[in-house]
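Student: Please read through the structure below; I'll follow up with questions.
The values are calculated or read from the model by the stated rules, or taken from the named source; none is laboratory data. Here the structure is a predicted model, which is why all the values come from computation and not from measurement. Because the Cβ atoms are built from the backbone with ideal geometry, glycine has one as well, and the counts that use them run over all protein chains shown.
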Amino acid sequence: MSRPTVAVSGPFDDLRSRHLRFLQEAARLGELTVCLWSDQLIRQREGKPPKFPESERLYLLQAVRYVERVTLVSQLPEQNPLPQLAGPQPEVWAVTEAQNSQAKADFCGPHDMPYRVITDAELEGFPPTPNPPSPSGAKKVVVTGCYDWFHSGHVRFFEEVSAYGDLYVVVGHDANIRQLKGHGHPLLPQEERRYMVASVRHVTQALVSSGQGWLDAEPEIAQIKPDIYAVNEDGDKGGKREFCAQHHIEYLVLNRRPAAGLPQRSSTTLRGF
């Protein structure tokens, strides 16, 4: 039985956990199409440019596991608050409480389109990581990190690393990140950071570390039994290379580079410290 096509619409600028929770809940209703506002439309509707350009917002949304397709829209017709789509037409329109309006509800009625308001209460919390998948026969690859201000650079790293096998991401726990990086870190609690990482389609499973220091993921690595431990150039430190040699794990260092056409991003630059 085919699932209905569900549409959501918005700028999705500076992608955060609240956006991902909304997309996840909307995707429970059917196959999810995101009508992504172009830079031009954001300027028209909000009177200022987006923080992140449409190419980067598009790249991020296409990497979200709850999203079936993303359509870039440049205008919202006055008599049709739902953007016109070139592909399959939506059968359900989902909005947040903040996006809800009588005009949208009135539009859906004559079109026999269910109008679903996903409440703030439904978006609370961060669902746990699903049970580990059955072995695919591919190699297991583990990466570790803070992943505090999630950005396109993280997604690109996951995308590259996942080409080597099933990707397991171990997110540093709050106390250890604070010890390693100092006051003000992390910005987001560990369960929120784990949830955001787990929302990326390139990631097989995301976990929270339980050890200490630069090798805080050692207990999780013992559980996962990876074939490869991958890092970028910034992460090539803290005894990881030596640890892998001792445990007969392949150590892979990748160059830090953005996806084609996108700017270089770092959490430090985005948060300002």
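Student: Test residue 165 against the stated conditions and say whether it is surrounded by fewer than 18 Cβ atoms within 10 Å (Cβ to Cβ), touching a residue at least 24 places away in the same chain (Cβ under 8 Å) and of a type outside the set (D, E, K, R). Please lay out each step first, then the result.
Tutor: Numbers: surrounded by fewer than 18 Cβ atoms within 10 Å (Cβ to Cβ): no; touching a residue at least 24 places away in the same chain (Cβ under 8 Å): yes; of a type outside the set (D, E, K, R): yes.
Criteria not met by residue 165.
Student: Name, by its number, the condition in (1) assigned to a helix (DSSP H, G or I); (2) free of Cβ contacts under 8 Å to residues at least 24 places away in the same chain that does not hold for residue 183.
Tutor: Only one criterion in (1) assigned to a helix (DSSP H, G or I); (2) free of Cβ contacts under 8 Å to residues at least 24 places away in the same chain is unmet by residue 183, namely (1).
Student: Taking into account only those residues within region 233-269 that are in contact with an Asp or Glu (Cβ under 6 Å, 6 or more places away or on another chain) and part of a loop (DSSP other than H, G, I, E, B), which is surrounded by the most Cβ atoms within 10 Å (Cβ to Cβ)?
Tutor: Among those that are in contact with an Asp or Glu (Cβ under 6 Å, 6 or more places away or on another chain) and part of a loop (DSSP other than H, G, I, E, B), it is 262.
Student: Kindly indicate which of 198, 230 is over 30 Å from residue 26 (Cβ atoms), of a type outside the set (Val, Ile, Thr), surrounded by 21 or more Cβ atoms within 10 Å (Cβ to Cβ) and not assigned by TED's automatic domain parsing to the domain that holds residue 64.
Tutor: 230
Student: Working only within region 215-235, note down all residues that are over 24 Å from the mean Cα position of the chain (by Cα) and not polar (S, T, N, Q).
Tutor: 215, 218, 219, 222, 225, 227
Student: Identify the residue in region 163-188 that is farther than 22 Å from residue 223 by Cα and among the charged types (D, E, K, R) and, among all such residues, is modelled with the highest pLDDT.
Tutor: Of the residues in region 163-188, the ones farther than 22 Å from residue 223 by Cα are 178-188.
Cutting the leftovers down to among the charged types (D, E, K, R) gives us 178, 181.
Working: 178: 93, 181: 88.
Result: 178.
Student: Looking at 217, 259, can you tell me which residue is at pLDDT 95 or above and of a type in the set (Gly, Ala, Ser)?
Tutor: 217
Student: Show me the helices (runs of 4 or more DSSP H) entirely contained within region 10-80 in which 2 or more residues are in contact (Cβ under 8 Å) with a residue 40 or more places away in the chain.
Tutor: Answer list for region 10-80: 17-27, 54-62.
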